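Report on the structure given below.
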Amino acid sequence: MFGVLDEDAIELVLHHQLVGHLGCHANNTTFVVPISFAYHENCIYAHTEEGRKIDMMRQNPEVCFETYHLENMGNWDCVIAWGRFEEITDKEERTEALKILIARDLPFITSKTVRLTEEWPFVPEDVNTIGGIVFRIRLHTKTGKFEKTEFKNLYPV
């Protein structure tokens, strides 16, 4: 069965995922890249270094974001959202954004892009010593779909 996720289900997916895909567009080029993120109060928070996605979002801050929960090919939830990129440079706002990212429930084994410091999982006393770029996507539109398949055992016990 296919269906449309309601607002509560969309929020649940966004709150419980760690990786999504960010789509940005500038200079007649579209770029889609996976990012690790935290979701808080209708915003996607992320940390990165200078590069193509930051350059493109500075030129055109309107972006698309997608994440999903995949149990198997017949059971999944997918959220697609649109929003506006904001680079966080204010010291207090950046501190709060980093705290949101630090508070994520991460698996024991993580990728280098999820770790905010070389000392990860240890966090410095002053999170402002964490380098890089911190940004958020303020979401203005969210939609979601799902598929649920009832599994029928072809070989009953």
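The values are calculated or read from the model by the stated rules, or taken from the named source; none is laboratory data. Not measured: the values here are computed from a predicted model. Cβ coordinates were reconstructed from backbone atoms using ideal geometry, including for glycine residues, and neighbour counts include every protein chain displayed.
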Residue satisfying all of: in segment 10-37; modelled with pLDDT of 95 or more and touching a Lys or Arg at 6+ places or on another chain (Cβ under 7 Å); farthest from ARG104 (Cα to Cα) among these
PHE31
Unmet criterion (only one of (1) under 19 Å from HIS140 (Cα atoms); (2) modelled with pLDDT under 95) for ASN42:
(2)
I'd like to check which strands (runs of 3 or more DSSP E) are fully inside segment 1-53 and have at least 3 residues that are in contact (Cβ under 8 Å) with a residue 24 or more places away in the chain and surrounded by fewer than 15 Cβ atoms within 10 Å (Cβ to Cβ).
2-4
Filter result for ALA38 (in contact with an Asp or Glu (Cβ under 9 Å, 6 or more places away or on another chain) and of a type in the set (Gly, Ala, Ser)):
no
If you scan segment 71-93, which residues turn out to be free of Cβ contacts under 8 Å to residues at least 60 places away in the same chain, over 15 Å from LEU14 (Cβ atoms) and surrounded by 11 or more Cβ atoms within 10 Å (Cβ to Cβ)?
GLU71, ARG84, GLU86, GLU87, ILE88, GLU93
Could you please let me know if PHE85 is of a type in the set (Phe, Trp, Tyr) and at pLDDT 90 or above?
yes
Output yes when any residue across segment 103-117 is closer than 30 Å to PHE2 by Cα and modelled with pLDDT of 95 or more, and no when none is.
no
